[in-house]
């Protein structure tokens, strides 16, 4: 919903491949946008393992390895759009802001797109598209245009298959008020699967789509907690 990508363009996809949902982005781009896709695979589970083991140097080295590959492709000047995670785009921006500025847009998925990160990406793209979605363990949500000069980054879930609630961390039966922060709770409903009231590892503000969507949304998603046993790494 925040997107406006043009068909027939060239993409760089720097994300996990299967079984991660974001790995579907390769065929989505090729089919929905009639685009040509260069792919760089990454393993976020390996980064999380390094962080859990306290090997932050190893995690940084792996991130640098990914950014090296991205820069090598992007410096060719033939890529219009990048599909990646917010954390990896931030690393790319720190390394080579000029290659980010040359892009026509980015498409971001993950759990770490803070309002400050969004504003820095939008400024670096200088008018280019900054599309985003929120993905977690059992469902995902499409981004809506930011509000309050980029201070609110909202999403709405893939209703009716996925509904989201934001609940009190101490009493997960209680839904918080709009604009209040709490833990994300999902209900997933497919023809062959029902997963009610799944508590995710994320926190967010409860978002009111004001009649534009048949269910509540979430905004300003971030990890519920950052500890060595549950790091977020480059996702």
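The values are calculated or read from the model by the stated rules, or taken from the named source; none is laboratory data. Since the structure is predicted, the reported quantities are computational estimates derived from the model, not experimental observations. No Cβ is skipped: glycine too gets one built from the backbone with ideal geometry, and neighbour counts run over all protein chains shown.
Identify the single condition in (1) more than 27 Å from residue 154 (Cβ to Cβ); (2) without any contact (Cβ under 8 Å) to a residue 60 or more places away in the chain that residue 54 does not satisfy, given that it satisfies every other one.
Residue 54 satisfies every listed condition except (2).
Residue-wise test of (1) surrounded by 15 or more Cβ atoms within 10 Å (Cβ to Cβ); (2) assigned to a strand (DSSP E or B); (3) in the same structural domain as residue 83 (by TED's automatic domain parsing); (4) out of contact with any helix residue (DSSP H, G or I) (no Cβ under 7 Å at 6 or more places or on another chain).
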| site | (1), (2), (3), (4) |
| --- | --- |
| 112 | yes, no, yes, no |
| 142 | yes, yes, no, yes |
| 159 | yes, no, no, yes |
| 188 | yes, yes, no, yes |
| 213 | yes, no, no, yes |
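Does region 87-95 include one or more residues that are more than 26 Å from residue 140 (Cα to Cα) and touching a helix residue (DSSP H, G or I) at 6+ places or on another chain (Cβ under 9 Å)?
The answer is yes; a qualifying residue exists.
Taking the conditions exactly as written (within 19 Å of the chain's Cα centre (by Cα) and on the phi > 0 side of the Ramachandran plot), does residue 220 satisfy them or not?
Spelling it out, residue 220 is indeed within 19 Å of the chain's Cα centre (by Cα) and on the phi > 0 side of the Ramachandran plot.
Out of 106, 79, report the one residue that is surrounded by 15 or more Cβ atoms within 10 Å (Cβ to Cβ), touching a residue at least 40 places away in the same chain (Cβ under 8 Å), in the same structural domain as residue 4 (by TED's automatic domain parsing) and not in a helix (DSSP H, G or I).
The unique qualifying residue is 79.
Would you point out which residue out of 176, 184 is modelled with pLDDT of 95 or more, within 30 Å of residue 56 (Cβ to Cβ), surrounded by 15 or more Cβ atoms within 10 Å (Cβ to Cβ) and in contact with a strand residue (DSSP E or B) (Cβ under 9 Å, 6 or more places away or on another chain)?
The match here is 184.
What's the number of the condition residue 127 fails, among (1) assigned to a helix (DSSP H, G or I); (2) loosely packed, with under 15 Cβ neighbours inside 10 Å?
(1)
Conditions: (1) modelled with pLDDT under 95; (2) surrounded by fewer than 19 Cβ atoms within 10 Å (Cβ to Cβ). Residue 134 meets all but one. Number of the miss?
(2)
Of all residues in region 82-103, which are in a loop (DSSP other than H, G, I, E, B) and farther than 23 Å from residue 149 by Cα?
Matches in region 82-103: 96, 102.
Considering only region 48-65, I want to know if a residue exists there that is outside any helix (DSSP H, G or I), closer than 22 Å to residue 145 by Cβ and assigned by TED's automatic domain parsing to the domain that holds residue 129.
The answer is no; no qualifying residue exists.
Identify the single condition in (1) outside any helix (DSSP H, G or I); (2) surrounded by fewer than 19 Cβ atoms within 10 Å (Cβ to Cβ); (3) modelled with pLDDT of 95 or more that residue 155 does not satisfy, given that it satisfies every other one.
(2)
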